[in-house]
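Right, I'll just put the structure down here and ask away after.
The values are calculated or read from the model by the stated rules, or taken from the named source; none is laboratory data. Bear in mind that the values here come from a model prediction, so they are computed numbers and not experimental data. Note that each Cβ is placed from the backbone with ideal geometry, even for glycine, and that neighbours are counted across all protein chains shown. Surface accessibility is based on the protein's heavy atoms, side chains included, excluding ligands, DNA and RNA. Shrake-Rupley method; radii C 1.70, N 1.55, O 1.52, S 1.80 Å.
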Amino acid sequence: MLEKINQLREDIARLKAENAEQIEALRIKYLSKKGEISALFNDFRTVPNEQKKEIGQKLNELKNIATEKINALREAFASKDDISSDIDLTRSAVPYAEGSRHPLSLVKNEIIDIFSRLGFTIAEGPEVEDDWYVFSSLNFAADHPARDMQDTFFIQRNPDVLLRTHTSSVQSRVMEKTQPPIRIICPGRVYRNEAISYRAHCFFHQVEALYVDKNVTFADLKQTLLYFAKEMFGPETKIRLRPSYFPFTEPSAEMDISCNLCGGKGCNFCKHTGWVEILGCGMVDPNVLEACGIDSKQYTGFALGMGVERITNLKYQVKDLRMFSENDVRFLEEFESAH
Ligand code: DAH
């Protein structure tokens, strides 16, 4: 019996294993109920009484040594496994679900980023406004249809308190307080009394840009627009300007970009024209400069305004405007890796 115990001690000291299965096989061989050490315990009954103490001790020692050896093999194997497997050691210990930025915020931030590279800084104004900043200071005639109840949400009449229908109101607020040079970008939410559908909403977002200084010309506007379009939609993007009308700019234009879905060849999205409209712009009307206390003989300026939803649709092809405000996480999660 003693010989057998010593033999097993030597065998166990030499044990090696390369994977979890081999370790388990060794455990079964030596330590399971039908294993070799258990068999020795069974035979212990036959050991003469005078040897029981010594052999009992040795047997217990053997069992401990075997258990320790198997545990040591397991540990060595486990730490080897940690390193060789593809566990990401930089991940946080707790599996926090990460949120994602709203697509409108992603696009708004991108617009701000592009204009800030041209030296524009952010200006913000209130969403609850009065008639002066939203309409009168911006050269809207007294009977202009945009003042109509149909378009504007009024909070109070006479004096009028209303929800701004465009971010152009921030232009007047800044010009009133600051003398040129002025180079601002005004992001914000605007409201219009529209029936909600896939293509219209009673609130949406705009970004306005305004540049007023000596000798600002239409060429500056055009170059700024071209830079913006290429940065936003890629270097292949072309722009075209169509004459238009806004009360606060003269001359005024609308800008189209070559359709970024079909590359200008014509598709359903651009109604087979190859062009899609993205913003309104123009030279600030001298009446607006004067209304805000800026000398229109010394200074000129350009302004432009665009809808953030429109730009986002072009970038991400969101077909239904309502998706932007429903906060369905399945929609929002689609933008997780965008930025
Ligand atoms: N405020 C206009 C709108 O809401 C957009 C716009 C057009 C802004 C031309 C401008 C501009 O600054 O020059 O439709």
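Would you confirm, using the coordinates I've provided, whether K319 is more than 17 Å from S169 (Cα to Cα), open to solvent by 30 Å² or more (accessible area, probe 1.4 Å) and under 33 Å from the mean Cα position of the chain (by Cα)?
Answer is yes for this residue.
To keep it simple, each residue is scored yes or no on (1) within 14 Å of the ligand (Cβ to nearest atom); (2) at pLDDT below 95; (3) assigned to a loop (DSSP other than H, G, I, E, B); (4) closer than 25 Å to K108 by Cα.
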site	(1), (2), (3), (4)
A141	no, yes, yes, no
T152	yes, yes, yes, yes
N158	no, yes, yes, no
H166	yes, no, yes, yes
M175	yes, no, no, yes
R183	yes, no, no, yes
S197	no, yes, yes, yes
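Enumerate the helices (runs of 4 or more DSSP H) found wholly within the range 265-335, keeping only those where 3 or more residues are aliphatic (A, V, I, L, M) and more than 16 Å from the ligand (Cβ to nearest atom).
Numbers: elements: 286-291, 308-316, 323-326, 329-332.
Where helices (runs of 4 or more DSSP H) fall fully within the range 265-335, none carries at least 3 residues being aliphatic (A, V, I, L, M) and more than 16 Å from the ligand (Cβ to nearest atom).
For the range 264-272, check the following and say yes or no: at least one residue is modelled with pLDDT of 95 or more and polar (S, T, N, Q).
No, there is no match, as no residue in the range 264-272 is modelled with pLDDT of 95 or more and polar (S, T, N, Q).
Checking I111 against (1) open to solvent by 10 Å² or more (accessible area, probe 1.4 Å); (2) outside any loop (DSSP other than H, G, I, E, B), which single condition isn't satisfied?
Here I111 clears every test but (1).
Right, here's the next one. Restricting to the range 156-189, and then to whatever is β-branched (V, I, T) and under 19 Å from F120 (Cβ atoms), can you tell me which residue is surrounded by the fewest Cβ atoms within 10 Å (Cβ to Cβ)? Spell out how you get there, then give the answer.
Initial filter on the range 156-189 (β-branched (V, I, T)): 161, 165, 167, 170, 174, 178, 182, 184-185.
Subsequent filtering for residues that are under 19 Å from F120 (Cβ atoms) retains 167, 170, 174, 178, 182, 184-185.
Working: T167: 25, V170: 25, V174: 18, T178: 15, I182: 23, I184: 21, I185: 23.
Ranking the candidates gives T178 first.
Every residue in the range 248-264 that is open to solvent by 10 Å² or more (accessible area, probe 1.4 Å) and away from the ligand (no atom under 14 Å from the Cβ), please.
S258, N260, L261, C262, G263, G264
Now for a different question. Of all residues being hydroxyl-bearing (S, T, Y) and not in a strand (DSSP E or B) in the range 114-139, which is farthest from M175 (Cα to Cα)? Just the residue, please. Quick ask: steps written out before the conclusion?
Here is the first cut: in the range 114-139, the residues hydroxyl-bearing (S, T, Y) are 116, 121, 133, 136-137.
Adding the requirement that they be not in a strand (DSSP E or B) leaves 116, 133, 136-137.
Working: S116: 19, Y133: 11, S136: 14, S137: 11 Å.
The selected residue is S116.
Moving on. Taking the conditions exactly as written (farther than 27 Å from R322 by Cα, open to solvent by 50 Å² or more (accessible area, probe 1.4 Å) and more than 13 Å from the ligand (Cβ to nearest atom)), does Y227 satisfy them or not? Spell out how you get there, then give the answer.
On the way: farther than 27 Å from R322 by Cα: yes; open to solvent by 50 Å² or more (accessible area, probe 1.4 Å): yes; more than 13 Å from the ligand (Cβ to nearest atom): yes.
So Y227 passes the test.
Out of V284, V276, report the one residue that is among the β-branched types (V, I, T), surrounded by 17 or more Cβ atoms within 10 Å (Cβ to Cβ) and at pLDDT below 95. Don't jump to the end; show me each part of the working.
Details: V284 fails: at pLDDT below 95.
Only one candidate passes the filter, namely V276.
Hey, another quick one. Could you say which residue among R9, R27, R101, R45 is in contact with a helix residue (DSSP H, G or I) (Cβ under 8 Å, 6 or more places away or on another chain), open to solvent by 100 Å² or more (accessible area, probe 1.4 Å) and either within 30 Å of Q206 (Cα to Cα) or in a helix (DSSP H, G or I) (or both)? First the steps, then the outcome.
Working: R9 fails: open to solvent by 100 Å² or more (accessible area, probe 1.4 Å); R27 fails: open to solvent by 100 Å² or more (accessible area, probe 1.4 Å); R45 fails: in contact with a helix residue (DSSP H, G or I) (Cβ under 8 Å, 6 or more places away or on another chain).
Of the residues listed, the single one that is in contact with a helix residue (DSSP H, G or I) (Cβ under 8 Å, 6 or more places away or on another chain), open to solvent by 100 Å² or more (accessible area, probe 1.4 Å) and either within 30 Å of Q206 (Cα to Cα) or in a helix (DSSP H, G or I) (or both) is R101.
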